Amino acid sequence: MARIRVLVVDDHRIFAESLAAALAAEPDVDVAAAGSGPAALRALERAAAEARPYDVILVDAELGVLAHGGAPVLPVPRQEEAALVDGISLVAGVRAARPGVRSVVLAEKDDPRCAARALQAGASGWVAKDCSLQRLLTVIRGVLRDETHLPPALLTGVLRELTTARKHRTESEQLVESLTPREREVLRCMVAGLGRKAVAERLFLSPHTVRTHMQNVLGKLGVHSTLAAVALARRAGVGPAEPVTVRLAGDVVERGSQLA
């Protein structure tokens, strides 16, 4: 019998352990639990290194959200406190690094916007935390057949959110296309988080010229701040400028990777 390896990722200890125990009772399921995003990533790495990769991860939609008093419900090591990963980011990271692993988001309530974000990040399913074990197993086995599972009540809302996101992306793409090649270079540097001085050094321009280009970029994109320009660029699929690698006396130095 082919066994399914499942990783439960939830920072609520009682829920995570109870769900893992219930799944472990199934004859074809091997299951483990992780209490944070970093812990889940380490578990995935160990499993891959041992040639026993996980097939499915079940991710809490509110993973990493701080509980009462500003502390995680499930304590994590001090060194991980600054690296708490939210559920959607974890799904996106796993999708990029381990495309063979299917992600299913577990949610306490139906939220079309969050569900749409989860699907865009690479999730294959969205399941209510209070669903039956049989329903969850059906979803787990379904996503392994490349099926996408959503509650029927969410379908209309999710489709609306995805359509709206696509419309915004199309509008953003048209605005970015209005930029000159040099202005697009400047925009990519802005997406990379470079300040005016760093952009000037990278593109061999004067700070005054860079300032003019940045003002033109904001004007053509119809925004009033660098943050808004970066958000629009991201929606249009504009990635950050690649760091510049400079070799000095045999050493490799990366430039253009920090704010100036």
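Taking each residue of segment 113-142 that is within 23 Å of Ala2 (Cβ to Cβ) and of a type in the set (A, V, I, L, M, F, W, C) and looking for partners that are open to solvent by 10 Å² or more (accessible area, probe 1.4 Å) and outside any helix (DSSP H, G or I) with beta-carbon atoms closer than 8 Å, six or more apart or interchain, yields Val127/His149; Val127/Pro151; Leu137/Glu26; Val139/His149; Ile140/Ile4. Contact map, segment 228-245: residues that are under 13 Å from Val217 (Cα atoms) paired with residues that are part of a helix (DSSP H, G or I) and at pLDDT below 80, Cβ distance under 6 Å, separation 6+ or inter-chain. Pairs shown: Leu232/Ser172. Taking the condition under 20 Å from the mean Cα position of the chain (by Cα), acidic (Asp, Glu) and closer than 18 Å to Ala34 by Cα, does Asp86 pass? For Asp86, the condition - under 20 Å from the mean Cα position of the chain (by Cα), acidic (Asp, Glu) and closer than 18 Å to Ala34 by Cα - is met. A count restricted to segment 221-244 and to residues that are modelled with pLDDT of 85 or more and part of a loop (DSSP other than H, G, I, E, B) stands at 4.
Total residues in segment 92-126 satisfying the condition of being in a helix (DSSP H, G or I) and among the small types (Gly, Ala, Ser): the figure is 8.
In the set (1) at pLDDT 90 or above; (2) farther than 23 Å from Gly142 by Cα; (3) touching a His at 6+ places or on another chain (Cβ under 8 Å); (4) not aromatic (Phe, Trp, Tyr), the condition left unmet by Arg46 is number (3). Across segment 204-222, the number of residues qualifying as over 24 Å from Glu171 (Cα atoms) and open to solvent by less than 20 Å² (accessible area, probe 1.4 Å) comes to 1. Among the residues making up segment 212-239, a single one is in contact with a helix residue (DSSP H, G or I) (Cβ under 6 Å, 6 or more places away or on another chain) and basic (Lys, Arg): Arg235.
The values are calculated or read from the model by the stated rules, or taken from the named source; none is laboratory data. Owing to the predicted nature of the structure, the values given are computational and were not obtained by experimental measurement. Note that each Cβ is placed from the backbone with ideal geometry, even for glycine, and that neighbours are counted across all protein chains shown. Heavy atoms of the whole protein, side chains included, go into the accessibility calculation; ligands, DNA and RNA do not. Shrake-Rupley method; radii C 1.70, N 1.55, O 1.52, S 1.80 Å.
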